[in-house]
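The values are calculated or read from the model by the stated rules, or taken from the named source; none is laboratory data. Only a predicted model underlies this, so the values are computations on that prediction, with no experimental measurement involved. Methodologically, a virtual Cβ is constructed for each residue, glycine included, from the backbone with ideal geometry; neighbour enumeration extends over all protein chains shown.
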Amino acid sequence: MFSFEAVSAAVVLTYMALFLMSTVWAGRASGRSVWLFGKGPERQGLPALLFRISFGGAAIYALVALFLGGAPAGPMHVALFGGQLAPIGTLIVLAGAALALYSQVYMGRSWRIGAASGELGRIVRTGPFAFSRNPIFVGQMMLFIGLFLALPSLTTLALALALVVAVLLQVRIEERVMERDLGTEYLNYRRAVRRWL
C-alpha cells in the first residue's frame with residue numbers, strides 16, 4: 001500500500017545505503033581513508049556522535065515505519081499536522097537525498113567525512129559547490145526536516161535537531177581546518193560562495 005510516510009522511510013534508507021557505498025568508492029579511488037573523525041588535533045567527537053545518533057536513529061525509525069506501513073498517528077502527528085504535510089515532507093526528503101548524494105558523488109576523490117590537517121582533498125568549486133560550500137549538509141538537513149514533516153514525532157524531531165547541531169558544529173571545524181591548510185585558496189572560495197545557499 002502506498003503512503004507518503006513509507007516512501008519517505010524508504011528514501012531515507014536508500015540514501016543511507018548509497019551514502020555508505022559512495023564513501024567506500026571514494027576511499028578506494030583516493031587510496032586513503034575518508035573517515036577523518038578522530039584524526040588530527042580537531043575535536044570532532046561531539047559532532048561525530050550526533051551524526052551517528054541521527055543517522056542510526058533515522059535508519060531504525062525508518063525501518064520501523066516501513067514494517068508498520070507508516071508511523072502511527074501519535075499526538076504530535078495529530079496535533080501539529082493531522083498528516084497533511086506528509087506529501088510535502090516526502091518531497092523534501094526526496095530533494096534532500098538527491099542533493100546530498102549528487103553533491104557527495106560530485107566531490108569524487110575529494111570526499112571526506114570529518115576534517116584533519118593534511119588529509120583534505122582539493123576544493124571543488126563547480127556543480128553544486130558553485131552555489132553552496134556545503135551542499136551535502138544542506139541536502140542532509142533537508143532530508144531530516146522532510147522526515148520530521150512526513151513522520152512527525154518527538155523522535156524524528158530529536159533526530160533532526162541532532163543532525164542540525166552536528167552540521168553546525170562540523171562546518172565550523174571544517175572551515176578552520178581548510179583555512180589553516182589551504183589558506184588563500186580557501187579564503188577566496190569562501191568569499192565567492194555562501195556557506196549554505
query: Within the stretch 73-84, is even one residue part of a helix (DSSP H, G or I), at pLDDT 85 or above and either among the β-branched types (Val, Ile, Thr) or in contact with an Asp or Glu (Cβ under 6 Å, 6 or more places away or on another chain) (or both)?
result: no
message: So for the stretch 50-57 (the condition being assigned to a helix (DSSP H, G or I), within 13 Å of the chain's Cα centre (by Cα) and small (Gly, Ala, Ser)), does at least one residue qualify?
response: yes
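Residue-wise test of (1) at pLDDT below 95; (2) within 15 Å of the chain's Cα centre (by Cα); (3) within 20 Å of residue 45 (Cα to Cα).
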site	(1), (2), (3)
97	no, yes, no
123	yes, no, no
141	no, yes, yes
144	no, yes, no
153	yes, no, no
- prompt: Name the pairs: first residue in the stretch 105-128 and in contact (Cβ under 8 Å) with a residue 24 or more places away in the chain, second residue buried (at least 19 other Cβ atoms within 10 Å of the Cβ) and of a type in the set (D, E, K, R), Cβ to Cβ under 7 Å, at least 6 apart or on different chains?
  reply: 115/42; 115/174; 116/42; 119/112; 120/112; 121/112
- request: Mind listing just one residue for me: the one in the stretch 88-130 that is part of a loop (DSSP other than H, G, I, E, B) and of a type in the set (S, T, N, Q) and, of those, farthest from residue 22 (Cα to Cα)?
  value: 117
- prompt: Would you pick out the residues in the stretch 1-27 that are more than 19 Å from residue 149 (Cα to Cα) and without any contact (Cβ under 8 Å) to a residue 40 or more places away in the chain?
  reply: 17, 20, 21, 24, 25, 27
- prompt: Can you name the residue in the stretch 102-146 that is within 18 Å of residue 193 (Cα to Cα) and aromatic (Phe, Trp, Tyr) and is also surrounded by the fewest Cβ atoms within 10 Å (Cβ to Cβ) among such residues?
  reply: 131
field: Long-range neighbours under 7 Å by Cβ, at least six apart or interchain, first residue among the small types (Gly, Ala, Ser) within the stretch 153-173, second not in a helix (DSSP H, G or I)
entry: 153/71; 153/74
